[in-house]
Every structure is written in C-alpha cells, then in structure tokens.
1. Any idea which residue in the stretch 309-363 is most open to solvent (accessible area, probe 1.4 Å), counting only those that are acidic (D, E) and under 22 Å from V463 (Cβ atoms)?
2. Condition first: among the aliphatic types (A, V, I, L, M), in a loop (DSSP other than H, G, I, E, B), surrounded by fewer than 21 Cβ atoms within 10 Å (Cβ to Cβ) and within 36 Å of the chain's Cα centre (by Cα). Can you find one or more residues in the stretch 88-107 that meet it?
3. Mind listing whichever residues of the stretch 530-559 are open to solvent by less than 40 Å² (accessible area, probe 1.4 Å) and of a type outside the set (A, V, I, L, M, F, W, C)?
4. Looking at A381, A366, can you tell me which residue is modelled with pLDDT of 95 or more, outside any loop (DSSP other than H, G, I, E, B), of a type outside the set (S, T, Y) and over 17 Å from E198 (Cβ atoms)?
5. Look through T522, T494, T472 and report the one residue that is touching a Lys or Arg at 6+ places or on another chain (Cβ under 7 Å) and open to solvent by 10 Å² or more (accessible area, probe 1.4 Å).
6. Got at least one residue in the stretch 603-612 being closer than 26 Å to P701 by Cα and either buried (at least 18 other Cβ atoms within 10 Å of the Cβ) or touching a strand residue (DSSP E or B) at 6+ places or on another chain (Cβ under 9 Å) (or both)?
7. How many residues, within the stretch 152-208, are open to solvent by 10 Å² or more (accessible area, probe 1.4 Å), closer than 21 Å to R120 by Cα and in a strand (DSSP E or B)?
Amino acid sequence: MKDPGTTLVEGALPPSAAGAEQPEPWGKTTVVGTRQPRIDGYDRVSGKAVYPSDVILPDMLFGAVLRCPHPHATVRKVVTAKAEAMPGVRAVISGASPAADLDWHYDPKLAAKLFDPRCRFEGEAVAAVAAETPQQAWDAARAIEVEYEVLPFVADERRALDPAAPRIHDGGNRFDEPDRYRRGDPEAGFASADKVVELSFRTAAELHTPMELHGCVARWDGARLTLWESTQGVYPVQQRVAATLDLPLSSVRVIGHYMGGGFGSKLQADKYDVVAAVLAKATARPVKLFLTREETLLCVGNRPPSTMRVRIGAKKDGTLTAVEFTGLGASGAYPAGGAALLDWLARDLYACPNVRCETTDVAINAGPARPFRAPGHPQGAWALEQAIDALAEALAIDPLELRLKNLTTVSQTRPGAPPFTSTGLRRCLVEGAAAFGWAQARGRARSEGAIRRGVGMAAGLWVAGGGGPPATVVVKLFADGSANLNMGASDIGTGTKTVMAMVVAEELGTPLVRIQVENADTGTTQYATASGGSKTVPTEAPAVRAAALAVKRQLLEIAGDEMKAPPSELRIEGDAVVSVKDAKLTRKIAELQGFRRRGVIVGVGARGLNPQGKVVNPFVAQFCEVEVNTSTGEVRGLRFLSANDSGRVMNRLTYDSQVIGGVTMGIGLALTEERVLDRQTGKMANRNWHDYKIPTALDVPPEIVSLPIDAPDPEANSAGAKGLGEPVTIPTAAAVANAVYDAVGVRVTESPISPMRLLGLLAERRKRG
C-alpha cells in the first residue's frame with residue numbers, strides 16, 4: 001500500500017510508455033547557464049569526500065595480483081606454497097583454485113578464463129593474494145613461482161598482418177573482416193578533381209592514466225556482495241560481476257559516489273572486481289584491491305595506435321569531389337574496437353558526394369584497448385584535418401575558407417542522410433576565427449630565426465553526444481522547501497551532480513545549497529547507463545527536468561486549491577508561489593497547509609526518446625598558436641581557442657573546465673604521449689609517470705579560451721543540451737600539427753611531435769634543400 005503522505009507522479013516518460021508530452025523549451029533561465037561552483041567542491045578539495053580508494057572497513061584485507069611479465073606466454077605451472085606460508089597471508093588463488101575457475105570473456109567469440117593459461121599481453125592476471133597489509137600482499141605475490149613458456153610476439157599493428165607474424169589467436173591476427181563504406185563514385189570524383197593530395201599518418205597509443213587508480217573494495221554479507229568501485233557506471237559493473245559470479249542482480253550492490261577520473265577506462269567491470277570478490281569470499285573478510293600505477297599502464301585500456309592514409313580531391317574553388325580513407329587500428333590482445341570510428345570524420349564532417357573508407361582491427365600483444373575520450377575521432381582528425389590543410393595549401397585557399405566551403409547540414413553516412421537537429425560548425429569556425437584573430441595571425445611577417453611561430457586550426461564533430469533513454473530520476477520536495485535528487489549516474493569529475501541540481505533549482509526555485517544529491521549506488525538510486533561518450537548531461541538533464549516538473553505540477557495544484565486560482569495562472573518565484581495575474585496573490589511554499597500535511601512531494605522523470613529521423617551531434621572548431629625552436633625541436637603552445645556547439649550551456653564554470661581539460665588531453669596526443677613497446681622484448685618501456693609524459697601545467701598554453709556557441713537545441717531534448725566532453729579533444733592534436741607546419745614548413749604525420757622526431761624531419765628537409 002502506498003504511503004498516504006507521499007504522492008508519486010511520473011513525468012516525461014517515453015511516449016510508448018506513458019504518452020507524456022515533452023515540456024516546452026526553456027526561454028530565459030535564471031540558474032541554468034550561470035557560473036556555479038560544484039555543490040561538492042568543498043568536499044572534494046578538503047578530503048571530506050570518500051572516494052572508493054579511501055574506503056577502509058573493519059577487519060579489511062588487501063589484495064595484490066601477480067601479472068605475466070611477458071607479452072606472450074603460456075602458464076605451465078603455478079606454485080603458491082611459499083606465498084601461502086608467508087606472514088599475514090590469508091588467501092592465494094590461481095587458475096587451479098576451484099573458486100577462481102571462472103569464465104572471463106574479453107569478447108563473446110573468444111573464450112578466456114579469469115586466470116587464463118594463455119597470456120596474450122604483459123600484465124595479464126596469473127594469480128592473486130589477500131593479506132593483512134598491502135606490503136605483505138605484494139611480498140607474497142612476488143613469491144609465487146610461475147613456469148612460463150615464452151612465445152613469439154607482435155607489438156606493432158603495422159606488422160600484425162604479415163604472413164610471418166606470430167599468431168595471437170588461432171584464427172589469426174585480424175578481428176573480423178575490414179569495415180568498408182562507400183557512397184557515390186570515388187573514382188569519378190578523383191578523376192574530376194583539379195587537385196588531389198594523399199598522405200599517410202600514424203598516432204601512437206595513449207594511456208588513460210586517471211588520477212585515481214583502478215580498483216574496488218569487496219565485502220560479502222551472506223550471499224550478498226557489495227563493491228565500492230571507482231567506476232563511470234555502477235550498473236554496468238553490477239551486471240558484469242553478477243553474470244560472472246552467477247548471482248542475481250539484486251545480490252550485487254555497487255557504490256561509486258565519487259571517482260577520480262576515468263576517460264572511458266572505467267566504463268566497465270574488470271578482473272580485479274571478481275578477484276577481490278573471490279578473495280573476500282575465501283577469507284570471509286572485506287578485501288581492498290587497487291592496482292598500482294604501473295599496472296594501470298598495462299592492463300586497463302588505452303587509445304589504440306592507428307595507421308591511416310587519406311586521399312582527398314577538390315575543384316579549384318575548393319569544392320570537395322572525393323575522399324578516401326584507410327585505417328588500421330590495434331585493439332590489443334582481444335577485440336576492443338581498435339579501428340572503430342577512425343573514419344567517421346572522413347565520412348561525415350564535410351560535404352562530399354564520393355567517399356570510400358576501409359578500416360581494419362588487428363591484434364597485437366598488448367593490453368586490450370578501451371573507449372578513450374571520443375574513440376577513434378582524435379586519430380581520424382589527426383589525419384583528415386592535416387590532409388585538409390595540405391589540400392588548402394595546394395589550392396592556395398585559406399584553410400578556414402576551405403572548411404567553410406564544404407559544410408553540411410545532414411549526416412551523409414547514416415541511411416537517408418537525416419538532418420542534424422542543429423549544426424553550429426559554421427558559427428564555430430567564423431566566430432572562433434574572429435575571436436582568435438585568425439586573419440591577422442596568418443597575415444603577419446614570418447621570422448627566419450631559430451624561434452618561429454605558426455598558427456593552425458582544425459574542426460570536428462562527435463558521432464554521439466545526444467544522449468537518449470534509458471534514465472530514471474526521482475526528485476523529492478520537502479515541506480520546508482529543501483529538495484532531494486536521486487539518480488544513478490556517476491559524476492566522473494565533470495560536475496554532473498551540480499548541473500542536475502541546477503536543473504532542479506531552475507524549475508522549483510530551490511537554492512542549490514538546499515538540494516541534496518544521491519547518486520551512483522545500485523542499492524539506493526535509480527537506473528542509469530554509464531557516464532561517458534558526452535551523453536550524461538543530454539541523457540540525465542531531461543529526466544531530472546521531467547521529475548522536477550512533476551513535482552511542480554503537484555505543488556501548483558496544492559497552491560491553487562488554497563489560493564483559489566487555477567494552477568496554470570501560478571508560478572514559483574524563489575520560496576513562494578505567486579499569481580501571474582495578481583502580484584498581491586502570493587503564498588510561501590512552506591506555509592501551504594496541504595503541502596505540510598503531505599510532508600513530501602515526489603516526482604519521477606524518465607528520459608524521452610530522441611527525435612525521429614534526425615541526428616544530434618555536437619560540433620567544434622579550434623585555433624592555436626605555437627612557438628617552435630628549430631634548434632632543439634621543442635614546441636611550445638602560446639594560446640588556444642576552442643569554439644564549441646554543444647547546445648545550451650548548462651553551467652558556464654564547469655563548461656569551461658571541460659574545454660580546458662579536453663584541450664590539455666589533445667595536446668598530450670599531439671606533443672608528449674606515446675606508449676613505447678620495446679622491439680626486442682615486446683614489454684612496455686615507459687611504464688610510469690616519469691617516462692610516460694602526460695602534459696603538465698608547463699606543457700599547455702598559458703591562454704586557453706573557451707568560446708561557447710550557446711545555441712540551445714530544443715529538438716535534441718527538453719534541456720536543449722548536447723555533449724561537450726568528447727568534441728573538445730577531437731581536433732586539438734591536428735590543430736597543433738597544422739600550427740607546427742605553419743611555423744616551420746614541415747608536416748609531422750606521426751604523433752607525438754617530439755623534439756627528436758621534429759629535428760629529424762627538419763634535418764631531412766635541409767638535406768633535400
């Protein structure tokens with residue numbers, strides 16, 4: 001029986017489920033769009049926030065995983081007796097342990113075990129230990145004796161398909177048939193072109209390496225398992241762990257209120273979740289298992305290395321006639337979409353009637369890839385956007401004008417070429433160029449000294465970024481005017497909780513300081529998909545708004561009865577309900593007797609369907625200026641501007657933070673980041689933060705300007721927002737490479753643009769004269 005003091009109203013469910021109409025788009029907003037500090041900002045910076053890596057439980061043990069030191073090997077024997085006898089050790093498990101004899105499928109078509117005897121990458125799990133202290137656990141893990149049969153390896157995607165290359169899987173080193181796409185007549189398009197350019201490119205593998213390490217704390221309560229997990233999605237982790245351990249979903253609870261970054265690497269469960277659960281079960285004690293930094297650089301994902309070739313033809317006036325793109329990506333040891341979306345920009349960014357693309361995903365002996373902030377797109381932009389600049393030079397056309405010449409308002413790749421709900425790329429290009437001073441920078445005199453400056457630009461779109469169902473949110477308004485927001489979505493550091501609280505404040509007038517947010521707990525919060533792919537705000541904000549509107553409707557009905565006015569003639573202003581027709585007719589929300597008797601008003605909102613027959617994509621154009629020291633090969637960023645069409649700006653403060661972070665990550669791809677696999681051993685040679693160079697404050701431009709094209713998209717969803725996190729990093733590396741070319745006249749086609757690489761190219765140019 002429903003509590004008579006609680007009223008439950010569903011709002012904005014998908015039409016098929018509830019027949020609900022979408023609310024009217026916002027006009028002028030008072031909270032949404034302003035600059036608001038994070039509602040949990042103090043907790044985060046003061047240490048009050050409890051991240052999963054901070055969790056300490058009574059009687060807790062610590063776990064450690066022994067990993068294969070070879071890129072390719074077969075485990076012949078595991079001897080654990082010495083480790084089991086060491087001080088503080090409470091459990092040791094391996095492939096021979098019945099409790100650990102579990103299937104773990106990196107891919108449904110390839111059978112594998114939790115501790116698989118065939119180790120196809122350095123860092124594959126071989127055994128695990130639980131002990132009283134982390135030091136005891138690691139001492140014991142290192143004491144486990146393993147006999148390996150070391151096998152030949154392949155560490156370079158460019159060699160993976162050679163007939164003589166070692167076979168990583170019985171079926172060979174190619175995952176499935178190449179993905180092929182074609183429209184129009186590319187041969188005729190190239191034949192009709194006045195200019196054709198063709199270039200080859202490569203991007204090195206990048207590593208996510210977020211601030212908080214990967215891991216979890218596992219605790220059993222009878223047959224029920226609780227995981228405190230650093231994750232981008234508690235529900236996907238729940239589903240994978242429950243399936244692996246053959247448990248009902250209701251018996252697995254995953255909690256992830258805070259997490260210290262993921263960038264796509266924490267969208268899924270990992271072996272460490274199951275290992276921690278098995279160890280906790282074996283010892284009847286909680287087990288904390290967090291990976292070391294060195295482990296995370298080996299086995300929890302990467303942006304795959306990619307080899308690409310681009311051929312583009314155009315008429316003298318710049319009209320594109322044909323585009324051809326081939327790409328080779330390396331998923332690693334198991335299928336993980338290594339070539340996925342590499343060619344999407346070549347297919348869909350610019351208007352072109354004749355396009356041919358082919359991408360191939362191959363295996364190498366390295367850790368499996370995972371989604372990494374705009375999968376495939378930064379690599380594809382590195383190739384396409386440099387080729388566009390090369391074509392502009394061949395045509396003697398400004399790179400900006402060439403891009404403006406070939407814009408499209410439809411998604412040419414999707415069946416029927418559906419239109420975009422909004423297309424802000426022209427504004428990104430024009431307004432971004434004006435704010436950056438593109439024409440002036442291009443027209444200035446060039447230096448002939450050792451220090452040279454150049455400017456570059458690049459554009460992009462993100463294939464997703466429109467969100468969509470499912471998402472369910474509950475909003476409660478209490479009689480004192482405070483509110484509670486309950487949602488399953490993770491806040492991955494982007495300020496999601498703050499943005500969603502702002503939506504509630506916009507509709508109900510509740511101050512942000514009086515809104516409590518509960519999130520990311522499969523035991524207490526509503527279902528949500530993982531936070532990633534720039535879909536969290538456009539997915540969750542409409543559901544939050546629907547729930548808040550459901551509360552508002554009930555509140556106005558209560559007020560209407562007491563104020564003797566139709567609810568349609570009332571509105572909420574701050575802490576009061578007022579009449580739109582009689583300014584003197586007002587009532588404090590806290591004084592509504594019907595509300596005080598009820599105690600709480602509850603609204604449930606669900607994400608509606610995306611617009612049919614249309615595509616929701618965000619767009620971006622970026623401009624940068626660099627300084628190149630031709631004596632040392634060093635590249636220094638001077639200034640950067642990112643113009644973004646991501647629909648409505650929800651929180652200008654966190655919006656700008658996303659832009660700065662995305663640009664910084666793109667600069668890493670351009671200038672510093674590269675996983676190095678030793679050619680002789682196949683092992684990773686830069687497995688630490690000292691040698692794997694992520695950009696620091698000294699590596700990014702002192703001036704990074706965020707220029708929002710604040711154009712709410714009412715067709716996309718009821719919040720008018722599109723994704724931001726992915727598009728801001730897509731064209732960055734290409735813009736830097738184009739700026740380097742503008743400075744020194746050398747096109748760097750392989751990332752990163754390290755001093756040694758650039759000096760080598762400059763030396764080659766001098767030899768050619």
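The values are calculated or read from the model by the stated rules, or taken from the named source; none is laboratory data. In this text, all values refer to a predicted model and were calculated from it rather than measured experimentally. Counting neighbours? That spans all protein chains shown, and the Cβs are built from the backbone with ideal geometry, glycine included. To get the accessible areas, we keep the full protein, side chains included, count just its heavy atoms, and leave off ligands, DNA and RNA. Shrake-Rupley method; radii C 1.70, N 1.55, O 1.52, S 1.80 Å.
1. That would be E358.
2. Let us first name the residues in the stretch 88-107 that are among the aliphatic types (A, V, I, L, M), namely 89, 91-93, 96, 99-100, 102.
Then keep just the ones that are in a loop (DSSP other than H, G, I, E, B); that gives 96, 102.
The next check asks that each one be surrounded by fewer than 21 Cβ atoms within 10 Å (Cβ to Cβ); those that pass are 96, 102.
Still in the running and within 36 Å of the chain's Cα centre (by Cα): 102.
Yes.
3. Selection gives S531, G532, G533, S534, K535, T536, P538, T539, E540, P542, R545, Q554.
4. On the way: A366 fails: outside any loop (DSSP other than H, G, I, E, B).
Result: A381 is the single residue among A381, A366 that is modelled with pLDDT of 95 or more, outside any loop (DSSP other than H, G, I, E, B), of a type outside the set (S, T, Y) and over 17 Å from E198 (Cβ atoms).
5. Of the residues listed, the single one that is touching a Lys or Arg at 6+ places or on another chain (Cβ under 7 Å) and open to solvent by 10 Å² or more (accessible area, probe 1.4 Å) is T522.
6. Taking every residue of the stretch 603-612 in turn, none turns out to be closer than 26 Å to P701 by Cα and either buried (at least 18 other Cβ atoms within 10 Å of the Cβ) or touching a strand residue (DSSP E or B) at 6+ places or on another chain (Cβ under 9 Å) (or both).
7. Final tally of qualifying residues: 3.
Residues are listed down the side, and each one gets a yes or a no for (1) modelled with pLDDT under 95; (2) part of a helix (DSSP H, G or I); (3) not polar (S, T, N, Q):
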{"site": "G605", "(1), (2), (3)": "no, no, yes"}
{"site": "G633", "(1), (2), (3)": "no, no, yes"}
{"site": "L638", "(1), (2), (3)": "no, no, yes"}
{"site": "T654", "(1), (2), (3)": "no, yes, no"}
{"site": "G662", "(1), (2), (3)": "no, yes, yes"}
{"site": "M665", "(1), (2), (3)": "no, yes, yes"}
